[in-house]
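The values are calculated or read from the model by the stated rules, or taken from the named source; none is laboratory data. None of the values given here were measured: they were computed from a predicted structure. Backbone-built Cβ (ideal geometry, glycine too); neighbour counts: all protein chains shown. To get the accessible areas, we keep the full protein, side chains included, count just its heavy atoms, and leave off ligands, DNA and RNA. Shrake-Rupley method; radii C 1.70, N 1.55, O 1.52, S 1.80 Å.
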Amino acid sequence: MTEQVVASFATHLGATRGMSPHSVRAYGGDVRHLLRFAARRGVPWDEVDLGLLRAWLASMVAARLARATIARRGAAVRSFYAWATVEGLVDTDPAVRLVTAHPGVSLPTVLAIEPTAHLLDVARGLAADGDPVSVRDWAALELLYATGVRVGELVGADVRDVDLQARLIRVLGKGAKERVVPFGVPAARALQAWIGTARDALATPGSAGALLVGVRGRRMDQRQVRALVHRAAQAAGVDDVAPHALRHTTATHLLHGGSDLRSVQEILGHASLATTQRYTHVSPERLRSSYQQAHPRA
């Protein structure tokens, strides 16, 4: 019975709230974690109270789990019991007053402009001989940095989603929200080399129009793209980065270059402007320079 309830909750998250399959799996796992904790104490899922929920949180703190993990699990359980209350599966919502610590703000590695340019230059050099895999890797790196798209959005894109003439790519983001993101000339050149010639060497009838394909012709997955980014960083001799670090690098460079927060929010596909504001960290030198240029009594 318990598993059926969790499965129904997962269906609700995907169908009604538009969560990605990855997020649905994570929330389901978080709820199961609580229900196992309750079961060990002989408490059915529909008799969980605030005291048990607080004990559950305390057990995770004692186990030294990351604050972000605890915060996510708390959010998942609040969503679960709010849904169960609306569905009439429980009389009252035990999690309505459950408070978890803020996960804090942490950003991955952000490459400076010079090492980022070097990373892309090395990738372009490796692709110069026309090797299909090297051309694909170059195109993937240029597109990740040019657009700041999530790795899941990149691997989900098809060739038809790319408009080389207008230099735009259509991606499907979180919550199944579609957005169109611009990219520059260097990324367009890399994509032209990949789509125009190299992709045909790897594509098969089973490629199903995927923009990025592997050596066996199947759509690339997120793990493969992460691996190619790590390889590229190692080949270029820059700090090891992941695709998400390139996304953060894009956001930081856009804001430091003068883009406004709203524009960067649209490019990255953030639902909240508060998420984009994490990238507004600036050096004291840049802050001082900006102040001196702008303030009439500086």
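Here are some notes:
- Heavy-atom accessible surface of the range 87-168, averaged per residue, reaches 51 Å², computed with a 1.4 Å probe.
- Divided by 2.2 N^0.38 Å, where N counts the residues, the Cα radius of gyration of the range 52-199 comes to 1.53.
- Theoretical FRET efficiency, 1/(1+(r/R0)^6), r = Cβ-Cβ of D221 and A82, R0 35 Å, to 0.05: 0.60
- Net length available on complete extension from D121 to H33 is 27.1 nm, with 0.36 nm assigned per residue and the Cα-Cα distance removed.
- Simple label model, 7 Å out from Cα along Cβ direction - E3 to R40, nm: 2.0
- Take the convex hull of the alpha carbons in the chain; its mean projected area over all directions comes to 20.3 nm².
- Environment charge at A117 (Cβ cut-off 13 Å; Lys +1, Arg +1, Asp -1, Glu -1): -2
- Label-point gap, in nm, between R167 and A235 - each point 7 angstrom along Cα→Cβ: 2.4
- In Hz, Karplus ³J(HN,Hα) per residue of the range 202-213 (6.51, -1.76, 1.60; θ = phi - 60°; x = Gly, Pro): 10, 5, 10, x, x, 5, 6, x, 4, 5, 10, 10
- Alpha carbon centroid spacing (whole Å) that separates the range 134-158 from the range 240-275: 15
- Phi angles of the range 134-140 translate, via the Karplus equation with coefficients 6.51, -1.76, 1.60 and θ = phi - 60°, into HN-Hα couplings of 5, 5, 4, 4, 4, 4, 5 Hz per residue; Gly and Pro are given as x.
- Each residue of the range 79-92 was assigned a 3J(HN,Hα) from its phi angle through the Karplus expression (A = 6.51, B = -1.76, C = 1.60, θ = phi - 60°), giving 5, 4, 6, 5, 5, 4, 5, 4, 6, x, 7, 10, 6, 10 Hz with x at Gly and Pro.
- Relative contact order for the chain, counting Cα pairs under 8 Å that sit 6 or more residues apart, in percent: 16
- You can think of it this way: the chain between S259 and R160 has 32.8 nm of extra reach, that is 0.36 nm per residue less the Cα-Cα gap.
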